[in-house]
Amino acid sequence: NINAFAARGYIAKKLSSVVNRMTGEIEATLQERSLVLKSAKARIELEIQTVKSVALPSFPDTFLSLDLPAFKKAISLAVASASTAKSAAFGGSVQIQSLPMGIEDTNPPGYRVVGTDSIVLTVAEVRETIPYDVKGLINLTAAAVVQLMDGPKIEIGESNTHLQLRSGDTTVYAAKPVQAYPNFDVLLVKPSSTKIKLNRGGWLSALRTLEPLIDEEKDKGAITLHFKENVVKWV
């Protein structure tokens, strides 16, 4: 019964992994100098140590509410092309930004999530009317936690230093990345002069066939596409 006593502290990553392997009900007993966790086949005794409490950032009462499944999909697509190196340009984060309003729009018609490694740029758009303009960065660790959320909605709040993302019983406090992110509006509003329609199944099948042969050290893993006489060749 978690209400039997008040508890506050930290659990090491390795210990958390051990607790996840304990089966059945886990009984927690608070002793004078330790916390004992017992299950049917395991017993763990934790030494109680003095720790400094984490002060949670304060946030305003205004939160942006978005459809969680659509947000998770957009985040996963952007993260796939985002550089994990925080020292790289645009690395370690993805950008969320409201879509430009049209002449007849009174609110942004949706938002986009952008991820890039300076070579590949992925833009995932979600059409969902939102009450105000949004622009910010979400670090990749917070983006990974979003994929574990399972509520119908996600609420996003902002302070000067942090983003708060919450859904159901899960809340994430994410420090804002300090790097400046480019404005892609000029690039994205320009229509492409060339459009090619391809069969998705054939495209993915060709990529999977070539993938084991791609050398990441040669041309950064790039492959060549030839378009000729309605045939696409991957080299």
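Read-outs throughout are calculated quantities, based only on the coordinates presented, and are distinct from any laboratory measurement. Worth saying up front: this structure is predicted, and the values here are computed from it rather than measured. Quick reminder, even Gly has a Cβ in these numbers, built from the backbone with ideal geometry, and neighbours come from all protein chains shown.
Using a cut-off of 23 Å between Cα atoms, the listed pairs 197/228; 52/153; 86/195; 86/153; 135/195; 195/228 include 52/153; 86/195; 86/153; 135/195 as exceeding that distance. Using all pairs of distinct alpha-carbon atoms, the Kirkwood hydrodynamic radius of the chain works out to 21.9 angstrom. Only helical runs count toward this figure. For the chain, summing -39,500 (n - 2.57) over DSSP H runs of n ≥ 4 and dividing by all residues gives -5000 deg cm²/dmol at 222 nm.
Using only side-chain charges placed at the Cβ, +1 for Lys and Arg and -1 for Asp and Glu, the dipole size of segment 21-133 relative to its Cα centre rounds to 600 debye. For segment 39-46, backbone phi angles converted through the Karplus equation (6.51, -1.76, 1.60; θ = phi - 60°) give residue-by-residue couplings of 10, 4, 10, 8, 9, 10, 10, 10 Hz, Gly and Pro being listed as x. Charged side chains reduced to their Cβ positions (Lys and Arg at +1, Asp and Glu at -1) give the chain a dipole of some 560 debye around its Cα centre. Sorting 161-169, 92-100 by average packing, meaning the other beta carbons within 10 Å per residue, from highest down gives 92-100, 161-169. Based on Cα contacts under 8 Å between residues 6+ apart, segment 90-235 shows a relative contact order of 15 percent. For segment 42-147, the fraction of alpha-carbon pairs lying more than 21 Å apart is 49 percent, rounded to a whole number.
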